[in-house]
Each structure stands twice: as C-alpha cells, then as structure tokens.
Amino acid sequence: MKKTAIALAGFAMIGLGAAHAGDAAKGEEIYKQVCFACHDAGVAGAPKLGDKAAWETRLAQGEETLIKHSLEGFTGETGTMPPKGGRTDLSDEAVKDAVAFMLSKVK
Ligand code: HEC
C-alpha cells in the first residue's frame, strides 16, 4: 500500500514537471513574433532553430538552465541572449512556451 502511494506521488510530480516546462504549440506564436528575429538566421551568434549541432551542448545543461537563461538573459561564448529576447513585457509562461517550441525542433 505504502509503495503504491509513493509511486503515485512520483507520477504526479512528473506530470507537474511537464506542465512547468512550457507548451510548444503555444510557444510557436511567441517564437514567430520575437525569437525568430535572431534564432531563425543565427543573428548575433544565436543558435539556429532546428540546428541540432548548435543545440547539443546547450541541451546538455538541462532545460531548467535554458529557461533561466531565456528569462534573465545570458552572455555565452557566441553572443548575448537578451532577457526574454528583449520583450520584457512577455510573461514568464510565454517565454517558457517559446523555449519548449525551440527545443521541440532539436530533440
Ligand atoms: C537579439 C537577438 C535574440 C533574440 C530576439 C532572442 N535570442 Fe535567444 N539567444 C541569442 C543569442 C546571441 C544566444 C546565444 C548566447 C551564447 O550562447 O553566447 C541565444 C541563446 C538562447 C538560448 C540558449 C541559452 C543557453 O543557455 O545556451 C535559448 C534557450 C534562447 N536563446 C531562447 C530564446 C527565446 C525563447 C527567445 C524569444 C522569447 C529568444 N531566445 C530571442 C539571441 C537572441
């Protein structure tokens, strides 16, 4: 009995984690409005959408780090990612959705 409860709690947590990561379908719209400006063509050192080689090492950092860098901004080896892609009026959820969309193209 006890084991079942623990297993169920584990599943519930996985479920929450997935919701937290963002909705790729919604994120496509945000991507097309904001993120594409740099990430479509690789402007200013941005990793291109769908370029697996460019995203491999970034994915290795884990999705949480990628989301944090997108929300707070980040300067890496190739350039500077502005906080929320320069659109600080976007909600955190919208940015997470956009990240989920971008990652769905390289996973
Ligand atoms: C003004 C150009 C620009 C815009 C607009 C932009 N980015 Fe970026 N982004 C960059 C650059 C440049 C990098 C690479 C920085 C580096 O690694 O040196 C980057 C990196 C990233 C990374 C990888 C972070 C990491 O830790 O490797 C993610 C995720 C990301 N951007 C998401 C987004 C999202 C989501 C949006 C739209 C809300 C967006 N970007 C809009 C320029 C931009």
Any residue in the range 4-24 that is at pLDDT 95 or above and in a helix (DSSP H, G or I)? yes
Here, helices (runs of 4 or more DSSP H) confined to the range 36-98 with at least 2 residues that are among the small types (Gly, Ala, Ser) are 52-60
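One line per residue, one yes/no per condition, for (1) without any contact (Cβ under 8 Å) to a residue 60 or more places away in the chain; (2) out of contact with any Lys or Arg (no Cβ under 8 Å at 6 or more places or on another chain):
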| position | (1), (2) |
| --- | --- |
| CYS35 | no, yes |
| ALA44 | yes, yes |
| ALA54 | yes, no |
| ARG58 | yes, yes |
| GLY62 | yes, yes |
Here is a check on your reading of the model: is LEU49 free of Cβ contacts under 8 Å to residues at least 40 places away in the same chain and of a type outside the set (Ser, Thr, Tyr)? no
Please name all residue pairs, on different chains or six or more residues apart, with Cβ atoms under 7 Å, provided the first residue is in the range 88-105 and is near the ligand (Cβ under 8 Å from one of its atoms) and the second residue is among the polar types (S, T, N, Q). VAL95/SER70; VAL99/SER70
Return only the number of the condition from (1) free of Cβ contacts under 8 Å to residues at least 40 places away in the same chain; (2) under 21 Å from ALA21 (Cβ atoms); (3) within 9 Å of the ligand (Cβ to nearest atom) that GLU72 does not satisfy. (3)
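The values are calculated or read from the model by the stated rules, or taken from the named source; none is laboratory data. Computed from a prediction, not measured in an experiment: that's the story for all the values here. FYI the Cβ positions are ideal-geometry reconstructions off the backbone, even for glycines, and counts take in every protein chain you see.
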